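The values are calculated or read from the model by the stated rules, or taken from the named source; none is laboratory data. Here the structure is a predicted model, which means the values were calculated and not measured. Cβ placement follows ideal geometry from the backbone for every residue including glycine, while neighbour counts extend to all protein chains displayed.
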Amino acid sequence: MDNVSSVASLAFRNLRRRKLRTGLTLLGIVVGVSLMVALFAIGEGMNTQISQQFKALGGADIQIYNSTEAARRIGFIGDPMSEALVAEVQAIPGVDLATGVLSGLGEVHVVGVPVQWVNKNQTVIMGIDPESYNRITGGVNIIEGRALQPSDVYGAVIGATLANETGVTVGSTLYTMEWGGAKGSPAINFVVVGICRTGQTQLDRAMFVQLSQAQHILQWKRIRAGTYVATAPQITQILVKLKDPSQAQAVSGRIEEKLSGMTGIRVFVATQMLQRMQQGISTLVLFLEGIGSVAIVAGCIGIVNTMMMSIFERTREIGTLKAIGAKPRDILITILTEAAFLGLLAGAIGCAVGGVGTLLWGELSTSSARAGFESFTSIKPIITPVILLEGFGLGVLVGVLAGLYPAWRASRLDPVEALRHGG
Amino acid sequence: MVDDLIVETQELTKVYRMGKVNIPALHDVDLKVPKGDMLCLYGPSGSGKTTLLNIIGGLAKPTSGNVVVDGVDLTKLRGNELAEFRLRKVGFIFQSYNLIPILTALENVELPMVYAKVSKSERRKRAVEMLESVKMDQRLNHKPDELSGGEQQRVAIARALVNHPSIVLADEPTAAIDTANIHMLMKIMQELNSQTRQTFIIVTHDLLVAQACARSVIMRDGSIERELTGKEIAEAIIASGREKTY
């Protein structure tokens, strides 16, 4: 151990004697490592988002929407269609269970909060049939309270973001207006029974209520001023669970056939879509990592260059070390330690820069999502310990690899030649 | 008597190849150095002194001939074994001191013990003792660039002796040092030689150094010409006017 610390201290001081050069060399690898950390984090963020989206699709094997637009807004608000379609889909061979979901934007107020327009026209109201919805999707992830049950006629589960913003907890009362809050429409009170965190921006700002209640709130038409009536029960989405998920393609064909009379009906096989998206992302991440690798290689060449110069300048010192009894291996270890130190430092700084930069970017994209922009496409990068470790390891690896050749050269110097060098 | 020899060379020859030209550096050198000797290799530059020193110190290999140092046949050793030989048996002193600039005086003296895997506390103790014996104990934590040439060379001497080598090889140790300090350095080396019975071989073309050594041989054109007597050296010093400088 004594000797290890001596070698380490020697390496460290050797780096310090050329601060500027060491700094510039570091910069090269720092750029590479921080770039890689950022890319790993983006990749991780994309994958997480996709799997969350998949979770939000709720493990449903097939989803049915009305409107071609819906394809771009998977999992969310589409155009309405008749609730009667659920029973038709349920009757198709291969379908285990079908459930209708109605989602739309509505006002939600908090009782006892003087400023009433907490989330005017911003809150996603999700009408679900708790029993079949939970059976198909496995239910949303409850972090407080409990899931919505069929008996909760005036119960609601709200997303964690909405809860945080409004200060609502389990037991609080919220209300919304029937008939979309039009003049004279009565309020419906809901008691919060649970808070969920889905990890999906939209759902975490949503309120889950019984499908029939959502229909009251979201589905109405004006007959004349001050008089509104409910439309026939409608939904925006049908989630389908199959008896055998591997038959998704065949069953979706049957569904399409059955609903072929209706325009704008879209049938999605979730797993396939997910796979396609994941493939696309893998390709993108791979491409980005390729760019990052170029930076890493450039940094690597920088270290090789620095070490070669440093060894050239220290030729006589190396000769001296050999004369006083250093073995080739001792020289090799000394130079390699220097290179590893460079890599270590670069790895640490690169992780810090990449990590902080990525988090800042994540904050920005989240706040823009809060403002309502691009919330579907913005990616929140995710920094995990594994990513930091990978970035750090990459720095060290690059250092050691880049140090190998210079260290080998130094260890093979002829002592007599080296001692004669430069004097 | 043969057992008391620390260095014995037989028909030692070294030829450097520069492209297609062979440059002879040593030619059939037979040298016997008894243990505890303080021998001066005196001669003009290009006479092969340094080459001989490097071969005895295990830094270079002879083209032909034999060299045995402290019972070790150097012609039979390979890279790592030669390094081990230098570590355990040889202390080098150079013309330009060759201290490691980023290390303090103390750390420079500790360095050979790092390679010899001596424990840290033992290293520190021996390095301090060694620096005391070269009268550098007041400047333990100074870096080489904070020391004068003479002081640096004293640190280098401490570094050369700290692993208790059987032989100390000095290559023009005084060439970069002013006359007053030459005197002091030679005195230190004489003291160490008589106290430790370590053998010193000093390469020089300075007659003052030769005068300070117990024995001097003159080298010319890659061969040992003959031994110089004290009287010859003293006369040569007077003839050169060198003695008046101190």
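So the values come out like this:
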item	result
Residue count, the range B:68-106 (criterion: of a type in the set (Asp, Glu), at the interface with chain A (Cβ under 9 Å from one of its Cβ atoms) and assigned to a loop (DSSP other than H, G, I, E, B))	0
Residue in the range A:295-310 that is within 14 Å of another protein chain (Cβ to nearest Cβ) and in a helix (DSSP H, G or I) present	yes
From the options B:Ala175, B:Ala156, B:Ala180, residue that is out of contact with any Gly (no Cβ under 9 Å at 6 or more places or on another chain) and either at pLDDT 90 or above or assigned to a helix (DSSP H, G or I) (or both)	B:Ala156
Matching residues in the range A:235-263 - criterion: being within 11 Å of A:Val95 (Cα to Cα) and among the basic types (Lys, Arg)	A:Lys241, A:Lys243, A:Arg254
Which numbered condition B:Val118 fails, given (1) surrounded by fewer than 19 Cβ atoms within 10 Å (Cβ to Cβ); (2) under 17 Å from B:Gly91 (Cα atoms); (3) at pLDDT below 90	(1)
Scope the range A:275-299; condition under 30 Å from A:Gly403 (Cα atoms) and among the polar types (S, T, N, Q); matching residues	A:Ser293
Unique match (being within 14 Å of chain B (Cβ to nearest Cβ), in a helix (DSSP H, G or I), within 26 Å of A:Leu24 (Cα to Cα) and modelled with pLDDT of 90 or more) among A:Ile331, A:Ile349	A:Ile331
Subset tally (residues that are in contact (Cβ under 8 Å) with a residue 24 or more places away in the chain and out of contact with any Asp or Glu (no Cβ under 7 Å at 6 or more places or on another chain)) for the range A:237-258	10
Residues of the range B:107-153 satisfying the condition of being outside any loop (DSSP other than H, G, I, E, B), away from chain A (no Cβ under 14 Å), touching a residue at least 12 places away in the same chain (Cβ under 8 Å) and not charged (D, E, K, R)	B:Val128, B:Leu131, B:Ser133, B:Gly150
Residue that is buried (at least 21 other Cβ atoms within 10 Å of the Cβ) and over 14 Å from the mean Cα position of the chain (by Cα), where the choices are B:Asn108, B:Asn141	B:Asn108
Scan of the range B:51-67 for residues that are among the small types (Gly, Ala, Ser) and in a loop (DSSP other than H, G, I, E, B), ordered by number	B:Gly57, B:Gly58, B:Ala60
Candidate set from the range A:19-36 (those that are of a type in the set (A, V, I, L, M) and touching a residue at least 24 places away in the same chain (Cβ under 8 Å)); member that is surrounded by the fewest Cβ atoms within 10 Å (Cβ to Cβ)	A:Leu24
Residues satisfying the stated conditions in the range B:36-67, i.e. within 10 Å of chain A (Cβ to nearest Cβ) and at positive phi	B:Gly58
Scope the range B:19-35; condition under 16 Å from B:Val7 (Cβ atoms) and either within 14 Å of chain A (Cβ to nearest Cβ) or part of a loop (DSSP other than H, G, I, E, B) (or both); matching residues	B:Leu26, B:Lys35
